[in-house]
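Heads up, the thing below is written out as structure tokens.
The values are calculated or read from the model by the stated rules, or taken from the named source; none is laboratory data. It should be emphasised that the depicted structure is a prediction, and the values quoted were computed from it without experimental measurement. Because the Cβ atoms are built from the backbone with ideal geometry, glycine has one as well, and the counts that use them run over all protein chains shown. When the accessible area is computed, the model is the full protein with side chains, heavy atoms only, and any ligands, DNA or RNA have been set aside. Shrake-Rupley method; radii C 1.70, N 1.55, O 1.52, S 1.80 Å.
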Amino acid sequence: MDFSLAKIWHHLPVEEVLDLLQVDPAKGLAPLQAERRREQFGPNRLTIRKGKTKLERFLLQFHQPLVYILLISAVVTIGLGEWVDASVILGVVLVNAVVGYIQEAKAISALEALATSMVTEAVVRRDGEVVRLSAEDLVPGDVVILRSGDKVPADLRLVEVKDLRVDESALTGESVAVGKQVDALPRDIVLADRRNMAYASTLVTYGQATGVVVSTGDATEIGRISTMVAEADELATPLTRKIARFSHMLLWAIIALAALTFVAGLLRGQPAADTFLAAVALAVAAIPEGLPAAVTVILAMGVSRMAARGAIIRKLPAVETLGGATVICSDKTGTLTQNQMTVTRIFAAGRAYSVTGTGYRPHGHIEGFEADNQALLRTARGGLLCNDTRITFTETDERVTGDPTEAALIVAALKAGLDPAAEARDFPRVDTLPFESEHQYMATLHDQREGTSRLVLFKGSVEALLSRASAAMVADGGIGPLDAEHVRRVVEEMGLDGLRVLAVAFKELPRETTQLTHDHLTEGLVFLGLEAMMDPPRPEAIAAVAACQRAGIRVKMITGDHAVTAAAIGVQLGLGIETCPGKPTCQVLSGAELAAMSDAELMKRASETAVFARVAPEQKLRLVMALQHQGEVVAMTGDGVNDAPALKQADIGIAMGKGGTEAAKEAADMVLTDDNFATIKAAVEEGRGVYDNLLKFIVWTLPTNVGEGLVILAAVLLGTTLPILPVQILWINMTTAVCLGLMLAFEPKEPGIMERPPRRPDQPILDTELVIRIFMVGGILLVTAFGLFAWELASTGDEAQARTVAVNAFVLVETFYLFNSRSFSRSPFALGFFSNPWVLLGASIMVVLQVAFTYVPLMHHAFSTAPVGVLPWIKTVAIGLAAYLIVEWEKRLRAPKAM
């Protein structure tokens, strides 16, 4: 068989397709044919690409600079005989590795979810008989019979169709079920418009059809998506990239300083053993042992806060990434919009009415509603009774059984004051002509309690109605002439606003009529009105888009819907540009236009354009990559199988929890429990708060490491006794990180956090101002610890007491500096001194521990300390307060700068 034309099955006539596949649709494949093709093409399932083994993935969790630093710390502490400290450090390393491994294992299951989405059964014609087979057994050439409710088992070229509609939203993003046909289509038509194809994993919602299998397994459209997911780059997040760079710099700086200390000591003629001990002390001093644990805890706090606001984080670094997003690419249906069709306008008796309220809850009304306008009332009645859909209302939700378009008509009737039960009693249905794509309408026959005739209600396309009607109902219920051209102009205006329009009409038949036929509807219809609907934007999404734009984040909408609909929604969401006063317009790029663009042109247009319509899966991936190539941090939302590759490629992928496919959820970093764009805005806010708190911890902890390192280096260069020992440095670093630094994880978000632009992706963790502050406080610690050590040593001659005072000085300066670090520009009193009670609790615990460190005999033995008098405490408290005042003075000197 020649499969060189595999990409253009939709372009070939049915006869040519059957000839190529060597199959008679009336008989299907013979068993031997099917067996040979199974051997040739393999089973109809997706291939799971093999990755690293579980052991390899676990060991790779240790392949990080910060972990190397911690492991060095553990080795040093073991060498010093400090088994407890070594156990704590190794425990931190192990916990980090286990958490990372679990998160990665969940992400890898994305491909398995895609494979699962294809597991189903199929009704197949084989050797002249209709049989039910596992979808895995299908081969190219198999003749498949589709009915309402079936999941399409493979890619099919349709050969017979009867009123078939297929929900392709998971594959194309199209929000409305697509009607199908059998005629050949243009060669270059986009996937979403290939109406003679049915694709694997889509769902039949109405009608029936016969199709011949043209692609199975990895060759299907969903198989191509699976391949793209497997090949999409696993990007490091901005935070992990910055931490990695920072850790590499820190690692080499520590090694260089330790070597410099050792060489300097030897050059001064100091004993090699003492010099080596000093070099080890400096290495231990410079390693921020608490940093990896702090990163994990602060991110975990962010996970908890986001979960409370409806965002479930699957990958820990994603907490911060969203806060740094510069572009959010959002799916339209269900995220920016309600995913609930809503009638927004009704035209009847020559007048247009606006309908308020959104969604399937009948909250709202028809503006200017006139109870005596019979045309308006009967238009609403026609939409209600010529309808096979049902809505079940509960206290918290609505369940629609049937078509979303018909559900919108029911809600519009409720807003017009009609009671569905009473209407059904007054106009009981006698017969139905179901919707057929060939005729483009549905009609129902009803009894009437009043009158001697039976009532036909007609609902369908405008052209189908206008070709069958010559009269129209006026407001008082009378019949007048139909102005078809005026109706067409109204429909055109509605279409420009992205509305889907249905026309409603009626006709009366003799009472003895019991069966409705198409012949009854060839003429004589009376036009009642038009009902125009759309899937409207969520009100909270409009506010959230505006908030993101104020925060400097560009929002782009990517949808499978048509360009006109996408543009109308874009304008309502605030994504349009005012080309003339009061009339914003929205520039839209279609999938066909994207396909014709070079990568360079796409990068330019992707940056300028806010709305993308009729976009294919690989084009979503290209869009994300084009934006990333320009240095953007891209957040991508999606819910369908077609979104999975782009979700995985994006810096942060966001899947929908309610309406999303498992494939999308598994590829994503974050899942929205309410499928609402407003939750993304809330998560951005939380992400910015997380980054702020992480930065506050780093700026708080590094002066300690700088100060400790400078104290050791100064002692070696001056040839004096070490003011603090390695084991005492470990005490300072570990206890203050837990009791003081981690309290910053609970710091509330500062005011105005969503009024500042996003961080530049290339911006380093620490800017010049923060580096200056770190070295300023490090210098204060050097002078304080060295000075108090020398003073106490001169006064008492006791090295243990002098070192105890030096350690206390470090701890108390850090404690006061913790209050400075609650904000980079505001004082703790401006924030509210008690707005973070955890800081006060941590400071109190630290003071208690330091008193124990100073006076408990067991501590004296473990850490070589000694009791001190009251005067040294007064000195250290005074110096800590002075350090606090100096930093607050430095804040005032600088213009406030949003971090």
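Tabulated data for the structure shown
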{"read-out": "Single unsatisfied condition, residue 895 versus (1) among the small types (Gly, Ala, Ser); (2) within 14 Å of residue 816 (Cβ to Cβ); (3) at pLDDT below 95", "value": "(2)"}
{"read-out": "Flag if residue 576 is touching a helix residue (DSSP H, G or I) at 6+ places or on another chain (Cβ under 9 Å), surrounded by fewer than 23 Cβ atoms within 10 Å (Cβ to Cβ), touching a residue at least 12 places away in the same chain (Cβ under 8 Å) and under 26 Å from residue 490 (Cβ atoms)", "value": "yes"}
{"read-out": "Whichever residue in the stretch 648-671 is within 12 Å of residue 335 (Cβ to Cβ) and open to solvent by 20 Å² or more (accessible area, probe 1.4 Å) and, among such residues, is modelled with the highest pLDDT", "value": "657"}
{"read-out": "Inter-residue pairs, beta-carbon under 7 Å, first closer than 15 Å to residue 726 by Cα and open to solvent by less than 70 Å² (accessible area, probe 1.4 Å) and in the stretch 256-278, second modelled with pLDDT of 75 or more and not in a helix (DSSP H, G or I), 6+ apart", "value": "278/722"}
{"read-out": "Answer from 450, 436, 406, 395 - the residue that is closer than 24 Å to residue 356 by Cα and modelled with pLDDT under 90", "value": "395"}
{"read-out": "Top-ranked residue in the stretch 618-635 [being open to solvent by 10 Å² or more (accessible area, probe 1.4 Å), of a type outside the set (A, V, I, L, M, F, W, C) and not in a loop (DSSP other than H, G, I, E, B); ranked as farthest from residue 332 (Cα to Cα)]", "value": "629"}
{"read-out": "Subset tally (residues that are of a type in the set (Asp, Glu) and part of a helix (DSSP H, G or I)) for the stretch 725-776", "value": "1"}
{"read-out": "Residue match in the stretch 690-703 (condition: in contact with a Lys or Arg (Cβ under 6 Å, 6 or more places away or on another chain) and in a helix (DSSP H, G or I))", "value": "no"}
{"read-out": "Enumerated strands (runs of 3 or more DSSP E) restricted to the stretch 527-609, each holding at least 2 residues that are at pLDDT 85 or above", "value": "554-558, 588-590"}
{"read-out": "Residue in the stretch 237-257 that is modelled with pLDDT under 70 and outside any helix (DSSP H, G or I) present", "value": "yes"}
{"read-out": "Within the stretch 483-503, considering residues that are more than 21 Å from residue 525 (Cβ to Cβ) and of a type in the set (A, V, I, L, M), the one surrounded by the fewest Cβ atoms within 10 Å (Cβ to Cβ)", "value": "496"}
{"read-out": "Close pairs from the stretch 595-619: first at positive phi, partner of a type in the set (Ser, Thr, Tyr) and not in a helix (DSSP H, G or I), Cβ under 9 Å, at least 6 apart", "value": "614/559; 614/590"}
{"read-out": "Qualifying positions in the stretch 438-460 - open to solvent by 50 Å² or more (accessible area, probe 1.4 Å) and in contact with a strand residue (DSSP E or B) (Cβ under 9 Å, 6 or more places away or on another chain)", "value": "438, 440, 451, 452"}
{"read-out": "Subset of the stretch 323-377 (residues that are among the charged types (D, E, K, R), farther than 16 Å from residue 406 by Cα and more than 17 Å from the chain's Cα centre (by Cα))", "value": "351, 367, 370, 372"}
{"read-out": "Residue match in the stretch 441-454 (condition: among the basic types (Lys, Arg), part of a loop (DSSP other than H, G, I, E, B) and touching a helix residue (DSSP H, G or I) at 6+ places or on another chain (Cβ under 7 Å))", "value": "yes"}
{"read-out": "Every residue from the stretch 18-57 that is under 18 Å from residue 158 (Cα atoms) and open to solvent by 90 Å² or more (accessible area, probe 1.4 Å)", "value": "19, 22, 27"}
{"read-out": "Subset of the stretch 335-355 [under 30 Å from residue 625 (Cβ atoms) and crowded, with 23+ Cβ neighbours inside 10 Å]", "value": "335, 336, 337"}
{"read-out": "Scope the stretch 508-525; condition open to solvent by less than 20 Å² (accessible area, probe 1.4 Å) and under 52 Å from the mean Cα position of the chain (by Cα); matching residues", "value": "516, 521, 525"}
